[in-house]
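Just so you know, all these numbers are worked out from the coordinates, no wet-lab data involved. Computed from a prediction, not measured in an experiment: that's the story for all the values here. Here the Cβ positions follow ideal geometry from the backbone for every residue, glycine too, while neighbour counts run over all protein chains shown.
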Amino acid sequence: MRIVLDTRKCVGYGECVALAPELFDFDDEGTGRCLRTEVPPGSEETARRAVARCPARAIEAA
Ligand code: SF4
């Protein structure tokens, strides 16, 4: 599974960072960013939850 975070949509709520700090972080301006694009084994469900919880729908997983 791969994840992509659209920084143009992100509004910095931080749901993804709180839920999956192994996958997401903030950049220096408070915008979310992916720490990795390839989701490691065992973190797929967490990644799907981050997609569902993002209020800006800025994260996609495929
Ligand atoms: S949950 Fe969505 S809006 Fe919030 S920081 Fe993450 S990507 Fe940005």
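Helix 44-53 versus the longest principal axis of the chain: what angle, 0 to 90°, nearest 10, using Cα atoms? Value to nearest ten degrees: 30. Cβ crowding within 10 Å, taken as a proxy for footprinting-reagent exposure, orders 28, 6 from fewest neighbours to most as 28, 6.
Where q = 0.12, 0.18, 0.27, 0.29 Å⁻¹, what log10 of I(q)/I(0) comes from the Debye formula for the chain, counting one point per Cα? Cα-only, vacuum Debye calculation for the chain: -0.22, -0.50, -1.18, -1.39.
Under the simplified labelling scheme, the residue 36-residue 49 pair shows an inter-label distance of 1.8 nm, with each label point 7 Å from Cα along Cα→Cβ. Along the range 31-37 the Karplus relation, 6.51 cos²θ - 1.76 cosθ + 1.60 evaluated at θ = phi - 60°, assigns HN-Hα couplings of 9, x, 8, 7, 7, 8, 8 Hz to successive residues, with x for each Gly and Pro.
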